[in-house]
1. Quick one: ILE45, ILE131, ILE138, ILE147, fewest Cβ neighbours within 10 Å first, how do they rank?
2. Let me know the Rg and Dmax you get for the chain when you use only its Cα atoms, in Å.
3. How would LEU25, LEU85 line up from fewest to most surrounding beta-carbon atoms within 10 angstrom?
4. So if I take the centroid of the Cα atoms in region 48-110 and the same for region 118-144, what is the distance between those two points in Å?
5. Between VAL62, VAL95, VAL80, find the one with the highest GNM mean-square fluctuation for the chain; connect C-alpha pairs within less than 10 Å.
6. With only Lys, Arg, Asp and Glu charged, each at its Cβ (+1 for the first two, -1 for the last two), find how big the charge dipole of the chain is about the Cα centre; round to the nearest 20 debye.
7. Which angle from 0 to 90°, rounded to the nearest 10, does the C-alpha axis of helix 27-45 make with the longest principal axis of the chain?
8. Just from the alpha-carbon atoms, what are the Rg and Dmax of region 37-125 in angstroms?
Amino acid sequence: MTNPAPFQGRIQTVEAQWADYNGHLNMAYYHVLFDRAGDEAFSAIGLGPNYVTQRNATFFTVEAHVSYLAELKPGDKVRVTTQILDHDAKRVHYVQQMFHADEGYLACVTENMVLHVSMETRRSAPFPADILAQIDAIAAAHKGLAIPPQVGHRMGIPRK
């Protein structure tokens, strides 16, 4: 299997009911679009919806940092990329970038950490060997990619 670098999700559309009183995409729905694209990317690794029932394990998001860079409006089409930055036996650190599919501008970036969890104990657990091998392969394919400047960004008000 060829591992795309970065993983390219399907084109998604900003739904009209997701607009806020400013007439643009409400911040909560950026997460919906990222989550859907993440489901696609993690399904390619073997961590899709059936993983919970087949392996009695899953993964939980334990941290997320979001940078909103440009407005999106109802009807806009978006494309989300997913790039693995790092991983270990229990965690995956990744970044997703959301682009306006027609105009090409970067609208939003999210940096996330997920933790593999046993559903039996509800505690962290190592990934199974076959899944870890998939993560290793994708991480290797993503290793040479540029890291977006939003990764590792510290939030604060700059003082002079």
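Bear in mind that the values in this text are calculations on the coordinates, not laboratory data. Note that the structure is predicted; figures quoted are calculated from it, not measured. For neighbour counting, all protein chains shown are included, and Cβ atoms are generated from backbone atoms with ideal geometry for every residue, glycine included.
1. So the residues, fewest neighbours to most, are ILE147, ILE131, ILE45, ILE138.
2. According to the Cα coordinates of the chain, Rg and Dmax are 16.5, 55 Å.
3. LEU85, LEU25
4. Each part's Cα centre sits 17 Å from the other's.
5. Result: VAL62 has the largest fluctuation of those listed.
6. The calculated dipole for the chain is roughly 380 debye.
7. Between helix and principal axis, roughly 30 degrees.
8. Gyration radius and largest Cα-Cα distance of region 37-125: 15.0, 46 Å.
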